[in-house]
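Each reported figure results from applying straightforward, stated rules to the coordinates on display, with no laboratory input. All values reported here derive from a predicted model rather than from experimental measurement. Here the Cβ positions follow ideal geometry from the backbone for every residue, glycine too, while neighbour counts run over all protein chains shown.
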Amino acid sequence: MSLKMPGHETNAGVVLVVDDDLASLSMLCDALNAEGYSVLVARDAAEALQRFEMTLPDAVLLDAIMPDMNGFDLCRHIKQEPAWAHVPVIFMTGLSETEQIVHAFSCGGVDYVVKPVKIPEVLARLAAHMRNANAARLARQAVDIAGMGIVLLDRQQRISWCSPRADHFLKHAFAQIGEDDDPVKWLRDERSQDAVRTLPGGRAIQARRIGQAEFGETMFLLRELDAQPHRPAARLPDTPLTPRETEVLSWLAKGKTNRDIADILGMSPRTVNKHLEHIFEKLGVETRAAAAALASRMHYSD
């Protein structure tokens, strides 16, 4: 069931409210509708899972104490589903002991509001967590949309972060990791600007060191080499694109305008245009169409 006020635009996102208390449910739905959210409701865990099967919410407001499956177990179940795991879950409950709050976070919750809830506080927390979740989702899409991936090594030369695509590449390339054969050693290899690792089935991945990130971390760009004999693999530009240029080019290859790219990446259209100037120079092209065509051959539009 979706609730909204007549004539009110619902652009703020979809929120699933799970609570067996009708009074609490009604109060939250009214407040969320007034803020422009589309609201899904569920009285128990079973109904909540049905809502997830029908449509993926942008956030969940979840009561901890419910009949049958409680909120903690429901949250754990949501986080175990890869397609649902990114959805932020905010607990709302009368339980206020430290042990219970810690348990909520250990189950995958991002926040904890003690009942009786204060509506302005709930709305502020909800908006903040939805913004953070959306930014994280766009970041993952931006670095992986080109068929490439990003890996960061920290100061101690440990992998501190992998994008989903990079994690996939490394797991396939290093399925059998030995003391002298591991991803970090391969990435640190100074003998080649572009280290190559063969994958099962004859394909390969290439790792390019693209510079320093924050906190002294080293960033690497991973891409799968094209093994199709009838289609030569596009070469990475001699001067590597920066991570931000890679993001801009990936969205350009998907047909986005400068305004679209600016909105997606949180920058001004003028800044997007400057990035495109640098991209065109590095790729040796003069038009958006040429850059998009080359990006497609380089798998920037996957």
Report task. Kindly write out, for the range 240-255 in residue order, the coupling ³J(HN,Hα) from the Karplus curve 6.51 cos²θ - 1.76 cosθ + 1.60 (θ = phi - 60°), rounded to whole Hz, with x marking Gly and Pro. Result -> x, 5, 6, x, 5, 5, 4, 4, 4, 5, 5, 6, 4, 5, 8, x
Query raised in the report: Whose amide H sits under 5 Å from the amide H of V41, counting only residues 5 or more places off or on another chain, with H placed in the peptide plane?
Result: V17
Query raised in the report: Extension gain A46-R244, at 0.36 nm per residue separation less the Cα-Cα distance, in nm?
Result: 67.0 nm
**Report entry** Nearest-0.05 FRET efficiency for H168 and E121, computed from C-beta distance (R0 41 Å)
**Finding:** 0.55
Requested in this report: Arrange S268, S163 by Cβ neighbour counts within 10 Å, fewest through most, would you?
Outcome: S268, S163
Query raised in the report: Sorted by mean Cβ packing within 10 Å, highest first, what order do the peptides 95-101, 59-65, 251-257 take?
Result: 59-65, 251-257, 95-101
Query raised in the report: Hey, rough spin-label estimate for Q156 and N273, points 7 angstrom out along Cα→Cβ, what's it come to in nanometres?
Result: 4.7 nm
**Report entry** Whole-Hz ³J(HN,Hα) from phi, Karplus 6.51 cos²θ - 1.76 cosθ + 1.60, for the range 100-106, glycine and proline x
**Finding:** 6, 5, 4, 4, 4, 5, 5
Query raised in the report: Counting only residues 5 or more places away or on other chains, whose amide H sits under 5 Å from the amide H of S160 once H atoms are built in the peptide plane?
Result: L152, L153, D154
Requested in this report: Could you size up the charge dipole of the range 2-142 around its Cα centre, putting +1 on the beta carbon of Lys and Arg and -1 on that of Asp and Glu, and report it in debye to the nearest 20?
Outcome: 540 debye
Query - Residues whose placed amide H lies under 5 Å from that of I65, excluding near-sequence neighbours - result: G71
Query - Pairwise label distance in nanometres, R259 with E97, each label 7 Å out on the Cα-Cβ vector - result: 5.6 nm
**Report entry** Whole-number D in µm² s⁻¹ for the range 2-142, Kirkwood Cα-pair radius fed into Stokes-Einstein, 10 °C, 1.306 mPa s
**Finding:** 106 µm²/s
